[in-house]
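Below is one structure; the comments refer to it alone.
The values are calculated or read from the model by the stated rules, or taken from the named source; none is laboratory data. Source: prediction; values computed, not measured. No Cβ is skipped: glycine too gets one built from the backbone with ideal geometry, and neighbour counts run over all protein chains shown. In case anyone asks, the SASA skips ligands and DNA or RNA and just uses the protein heavy atoms, side chains included. Shrake-Rupley method; radii C 1.70, N 1.55, O 1.52, S 1.80 Å.
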Amino acid sequence: MMKSVGAQSHGNPASGRSWWAGATCAGLLAVGGVLVPALAAADEPRQGGTLNVILDPEPPMLILGLNQQSPTQVVATKIYESLLRYDFDLEPMPSLAREWEISDDGLTYTFHLQEGVTWHDGEPFTSHDVVFTATEFLPETHPRASSNFRQLEDVTAPDDHTVEFHLDEAYPAFILAFEVASFPIMPAHIYEGTDYNDNEMNDHPIGTGPFKYERWSRGDYVHLVANEDYWQEGKPHVDEIYFRLIPDAASRALALETEQVDISSYNNIEPFDVPRLEQLPHLEVVTEGYEIAAPLTWIEINHRVEPMDDPRFRQAMMYALDREFIRDNIFMGLGRIPTGPINSVTIEYSDDVHIYEHDPDRAVELMEEMGLERDGNGNFAQIEMLPLPYGETFIRLSEYIRESLGQVGIDVRLRSTDSAGWAQRVADWEYEITNNFVYQYGHPALGVSRTYICDNIRQGVLFTNTMGYCNERVDELFAEAAVENDEERRAAMYEEVQQILVDELPVLWLLEMEFPTIVNTRVRNHTTSAGGVADTFADLWIDE
Amino acid sequence: MAKIGLFLARRLVKAAIILFFIVLINFALIRAAPGDPAAVMAGEAGASDPQYVELLRQRFGLDEPLHTQMWIYVSSVFQGDLGFSYRQGRFVSDLILERLPATLLLTVTAFIFALAMGVLLGTLAAMKVGRWADTAITTLALVSYATPLFWLGLMLILLFSVHLGWLPSFGFESVGAGHTGLARVADVAAHMVLPVLTLGLFYMAVYTRLTRSSILEVHEMDFVKTARAKGVTEGNVMMFHVLRNAILPVITFAGFQAGHLIGGSILVETVFAWPGIGRLAFNALLQRDYQVLLGVFVVTSILVLLFNIITDLLYTVIDPRIEVE
């Protein structure tokens, strides 16, 4: 059963507005009304039960402040919390902050914290933990801290339950920097004054969340149990969660089929297995809950290699590709065709750009216009492609790309690597074309600009501008828009930058990927925010 | 007895030298692969900044020159220290010791199953050579021999877990069921059936064919005829005269394959989500967790070397004419 959750709006941008804890429930009900038939929405959550969740690959650790990979998030988001959660439209909702205000000049963010919150070891949670996390812990450990906090001047705590963030310039993306994987609040009483990576409590995560760490049997499962002192009365509803490590994709699909596990998330299940699982009466497929991640997959192009330095050649490649075919036959309908660099669920998206239809004749024309000539085999150019080694789907995608570029006279050779080899080659610019997919984190300043600005051309570092694309106007627009507090001016700048990028095609955007969350129908309230399965599960309950 | 002592001493010294080269070669091989753990972790985080990657490399000790890293590693291995996995934040020896029992349980059971069934079926086939039982056993052996492990595993899961619902399809035990004592043993055993079959059937086929042909060869020898002429019953001829002589090639092969079992277990552990050392090694390879991967190599090399010594000793037990040198 494929269910669709319609986009829901819960009000205006957060600036200048206050939200009370009750708003969480309002938000959930509004969403629930669409998610579940009216009758089911009236169901009382049932207490108790054990939830089994697929986990793959095995995370290296569960300390969310030190590691934010997807599998780490799936487990650790039940243990740790942040100040805010976000609904499907990326509007903030209360979490450890019950209420907040943003000053009109966009320079001061004030958060009022929940009271009576304790860490899993019984210590009280206070504003000091928030200040410590923002000023000491994350700047040292979090790979995105330097972009999330780039305008942050200082953080102060007027009292135990109030925190103020002071910025040196308005930075509208900042309100999105408080989701739990970007800003997991770490216990100061455990980490302050220690070597964070070497802390003796690193094998026993302590958070404020609805579930507590119980046991990790390596290679087998992670076991969490309900936190009886959780600050939200009556939650969580389930007694315990087992995260089962199942390394083989076919075995994961079978485990869902035979009801040995209840939930899969992210790319646990290959898209080509989804239609089959969708047919089973005890499973449902939901694609909401990845609005923060908002993964966009593209063909990454090394602009240092001729003739790919010419925008006309990149346009020719784009015209040669049938992206509807890719969506329908490789990703099995799981995704949307992108118009440009910003995912349509990300803030500041605009569709007022040139649209590339599938047009192989136009591709040939463009290459002829460039003065390229066909060789003895009828090829204009030869390029080497590194398929992304993230499962069967990307291999199929690469094969499709080879075929369709081959049809317009671009000869593509595939060269296989494993993920470590891939990361090294791409980071060191030793590739011609490859696939990649990158998360956007809700806002272009957090997850989009990094791919395209000249400043971020850094050899040896992955997820930077590894193509070597450089347009100073693009840099200017991204830089100014990021600190523009006026909504209209900001939107105009982001629109212009999207138009430039779509014309010049630094990369070829193929698909706004939708990850399928596949859930046993007895599990309710599993997807209640843009964090999806990487949320607290405080509201989740199991029906008999 | 002194002879055996001398033999053991000599073999152990040789084993240590071999081990030294195994460590050296593996170290070089692993480092020849592109990519390092810092790059992998940055890749998995979905974001990275240069200081962050530099910091990771420093913590992992990757900023030292390669020969220094190699010297540090080799010398600490021979002091019994397998190092520390920075990726997992734990000592390699702990990681391996935690996972080794599951692998040993799986591989030893599969090994015994394969050997016992193989010798039994091979003997039966040889006794009924040319009859329908022989044909049936030889066909079974051929099919088991020719079927790829992973396919067999998936088909067994399909049949026994999905369609019949008799056996669990993955894992070591029913987590959270709280079984203790005999109930737990039964639970683990149920989880073991499919992986043991998957891992064992191939080797069973090998031993069946080997036993059958070896028996047929020995069967026609003069001493067997003598035994029959003396009036020994056919069963006793088979047990005490034929099989004892025919089993030597099987033992040779078994000793040789004990090492392969651990390699085969990587695949089986992955398909059945069995929390063993094979998967630990495979993940370590993908993540370029050098210390863990090398540690697994060292431990499995030691096991293989030990198996070989045991095999050589077994020869003298089964056939006293063979002496240790």
Checklist outcome for this item: Quick shape check on segment A:274-335: root eigenvalues a ≥ b ≥ c of the Cα gyration tensor, a/c under 1.5 is rounded, otherwise prolate if a/b tops b/c, else oblate, and it reads prolate
Next on the checklist: Once each part is reduced to its C-alpha centroid, what is the distance from segment A:253-267 to segment A:337-360 in angstrom?
Outcome noted: 33 Å
Next on the checklist: Between segment A:497-544 and segment B:174-217, how far is it from one alpha carbon centroid to the other, in angstrom?
Outcome noted: 42 Å
Next on the checklist: Pairs on different chains or at least eight residues apart, Cα atoms closer than 17 Å: how many lysine pairs in the protein assembly as shown fit?
Outcome noted: 4
Item to check | Shielding by partners, peptide A:238-248 (average Cβ within 10 angstrom, other chains) | outcome: 4
Checklist entry - How would A:Arg218, A:Arg327 line up by accessible area, probe 1.4 Å, largest first? => result A:Arg327, A:Arg218
Checklist entry - Which of the DSSP-defined H helices in chain A satisfy a minimum axial length of 27 Å, computed from C-alpha atoms, and a minimum mean Kyte-Doolittle hydropathy of -0.5? => result none
Checklist entry - Which residues of segment B:278-303 end up with at least 10 Å² less accessible area in the presence of all protein chains than when their chain stands alone, using a 1.4 Å probe? => result B:Arg279, B:Asn283, B:Leu286, B:Gln287, B:Arg288
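Is there a quick way to get the dipole size of the protein assembly as shown? I mean about its Cα centre, with the Cβ of Lys and Arg at +1 and of Asp and Glu at -1; what is the value in debye to the nearest 20?
Magnitude of the dipole: close to 6120 debye.
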Next on the checklist: Give me the inter-chain shielding for A:220-229: mean count of other chain Cβ atoms within 10 Å, whole number please.
Outcome noted: 2
Checklist entry - Considering the zone a paramagnetic label at B:Val232 would reach in this model (a point 7 Å from Cα along the Cα-to-Cβ line), which residues of segment B:190-215 have amide N under 16 Å from it? => result B:215
Checklist entry - Mind checking the dipole of segment B:2-92: about its Cα centre, +1 per Lys or Arg Cβ, -1 per Asp or Glu Cβ, Debye to the nearest 20? => result 780 debye
Checklist entry - How would A:Arg522, A:Arg490 line up by accessible area, probe 1.4 Å, largest first? => result A:Arg522, A:Arg490
Next on the checklist: I need the shape label for segment B:2-92. Rule: rounded when a/c is under 1.5, else prolate if a/b > b/c, else oblate, with a, b, c from the alpha carbon gyration tensor.
Outcome noted: prolate
Next on the checklist: Sequence gap at least 6, Cα distance under 8 Å: using those rules, report the relative contact order of chain B to the nearest whole percent.
Outcome noted: 26 percent
Next on the checklist: What's the ranking of B:79-86, B:144-151 by average number of surrounding C-beta atoms within 10 Å, highest first?
Outcome noted: B:79-86, B:144-151
Item to check | Fraction of the pair-distance distribution of segment A:126-248 above 25 Å, Cα-Cα pairs, percent | outcome: 38 percent
Item to check | chain B: angle of helix B:181-219 to the longest principal axis, Cα-based, in degrees nearest 10 | outcome: 50 degrees
Checklist entry - In a solvent-free Debye calculation with one equal scatterer on each Cα, what is log10 I(q)/I(0) for segment B:75-206 at q = 0.13, 0.19, 0.21 Å⁻¹, listed in the order of the q values? => result -0.75, -1.11, -1.19
Checklist outcome for this item: Using the Kirkwood radius over Cα pairs of segment A:80-125, the Stokes-Einstein translational diffusion coefficient at 4 °C and 1.567 mPa s, in µm²/s and rounded to a whole number, is 108 µm²/s
Item to check | Histogram of C-alpha separations across chain B, 20 Å bin width, % | outcome: 25, 49, 23, 3, 0
Checklist entry - So how do A:227-239, A:203-215 stack up, highest first, on mean other-Cβ count within 10 Å? => result A:203-215, A:227-239
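Dipole magnitude of chain B about its Cα centre, charges +1 at Lys/Arg Cβ and -1 at Asp/Glu Cβ only, in debye to the nearest 20?
Once rounded to the nearest 20, the dipole reads 860 debye.
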Item to check | In segment A:142-210, GluC sites (Glu not before Pro) in a DSSP loop with at most 15 other beta-carbon atoms within 10 Å | outcome: A:Glu169, A:Glu192
Checklist entry - Other chains' Cβ within 10 Å of A:425-435 residues: what's the mean? => result 1
Item to check | Probe 1.4 Å, protein heavy atoms only - accessible area per residue of the protein assembly as shown in square angstrom | outcome: 40 Å²
Checklist entry - Which distance in Å, rounded to a whole number, links the C-alpha centroids of segment B:268-325 and segment A:453-491? => result 52 Å
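Report the rotationally averaged projected area of segment A:219-370 based on its alpha-carbon convex hull, in square nanometres.
So the mean shadow area of the Cα hull is 14.4 nm².
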Checklist entry - Heavy-atom accessible area of B:Leu19 with all protein chains present, probe 1.4 Å, nearest 10 Å²? => result 20 Å²
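With all protein chains present, how much of the accessible area of chain B (probe radius 1.4 Å) comes from carbon and sulfur, to the nearest whole percent?
71 percent
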Checklist outcome for this item: Once all protein chains are kept in place, A:Asp160 shows an accessible area at probe 1.4 Å, nearest 10 Å², of 90 Å²
Item to check | Loss of accessible area when A meets B, both sides summed, Å² nearest 100, probe 1.4 Å | outcome: 3800 Å²
Checklist entry - In Å and whole numbers, how far do the C-alpha atoms of the protein assembly as shown stretch along each principal axis, longest first? => result 109, 74, 60
Checklist entry - Among B:120-132, B:279-291, A:421-433, how do they line up from the highest to the lowest mean number of other beta-carbon atoms within 10 Å? => result B:279-291, A:421-433, B:120-132
Item to check | Debye intensity ratio in log₁₀ form over the Cα atoms of segment A:296-513, taken at each q of 0.08 Å⁻¹ | outcome: -0.27
Checklist outcome for this item: Per the C-alpha gyration tensor (a ≥ b ≥ c, the square roots of its eigenvalues), segment A:379-479 is rounded if a/c is under 1.5, else prolate if a/b beats b/c, else oblate; here it's prolate
